[in-house]
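The values are calculated or read from the model by the stated rules, or taken from the named source; none is laboratory data. Everything numeric in this text was worked out from a predicted model, so none of it was measured. Because the Cβ atoms are built from the backbone with ideal geometry, glycine has one as well, and the counts that use them run over all protein chains shown. The accessibility values were calculated without ligands, DNA or RNA, using every heavy atom of the protein model including side chains. Shrake-Rupley method; radii C 1.70, N 1.55, O 1.52, S 1.80 Å.
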Amino acid sequence: MQPIRTEISDTRFRDVLGHYCSGVAVITAIDGGEPVGFACQSFQALSLEPPMVTFAAARTSTTWPRIQGAGRFAANVLAEGQDALCRQFAVSGGDKFAGVDWRAGRTGSPLLTGALAWVDCEITDVLEGGDHVIVVGRVADLAADGRTGPLLFFRGRFGVLADGAC
Ligand SMILES: Cc1cc2nc3c(=O)[nH]c(=O)nc-3n(C[C@H](O)[C@H](O)[C@H](O)COP(=O)(O)O)c2cc1C
């Protein structure tokens, strides 16, 4: 069968895929004794048995190679009201952890105070994904704090659940 190839502009791709509403996570790790992390929309559950999760990291990310070097990571699911925190982790360079409270999880990866949930993992696979890599992690520990609703991301903007449900 012939492969189907259509010219799809970056703008159209971003616009259409931006309609897929998601939560936002901050992926964290410890590299050289320092906490590192980046804001990540592509985090999701992958497998129940064994328990696995996945996220995609841009090849241009300066933080991803440090997380890969650590071999483990925590995915911190952000709560409503944490949009400023998300922006802080979405800017390359600088001290992303300035003013951020955290403690070490089971793998040693930073668990951010106030996160809605966290999933602490060991990296098992890194797969090709175009200009991203697909990272697969096996879950070592996890917990959720259901006291508040999630931070949502839709069409390039942050939002919260309309009825405040959690
Ligand atoms: C809401 C939101 C979601 C994002 N999701 C991803 C993602 O899934 N994968 C990714 O590589 N970058 C994602 N980014 C961009 C990274 O956070 C950003 O490029 C990164 O922090 C750059 O810093 P670094 O060079 O330290 O990696 C997202 C940014 C925002 C604001």
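Within the chain, the longest run free of exposed loop sites, counting trypsin sites (Lys or Arg not before Pro) that sit outside DSSP helix and strand states (H, G, I, E, B) and have at most 16 other Cβ atoms within 10 Å, spans 6-58.
Using a probe radius of 1.4 angstrom, the carbon and sulfur fraction of the accessible surface of the chain is 54%. The residues of segment 68-139 expose on average 48 square angstrom of accessible surface per residue, using a 1.4 Å probe on protein heavy atoms. Between Cys40, Cys21, Cys121, the GNM of the chain built on Cα springs shorter than 10 angstrom shows Cys21 fluctuating the most. Basic side chains Lys and Arg get +1 at the Cβ, acidic Asp and Glu get -1 at the Cβ, and with that the dipole of the chain about its Cα centre reaches some 200 debye. Pull out a ≥ b ≥ c, the square roots of the eigenvalues of the alpha-carbon gyration tensor of segment 21-145, then state rounded if a/c is under 1.5, prolate if not and a/b is larger than b/c, and oblate in the remaining case. Taking the square roots of the gyration eigenvalues as a ≥ b ≥ c, segment 21-145 is rounded. Among the chymotrypsin sites (Phe, Trp or Tyr not before Pro) within segment 1-84, those in coil by DSSP and having at most 12 neighbouring Cβ atoms inside 10 Å are Tyr20.
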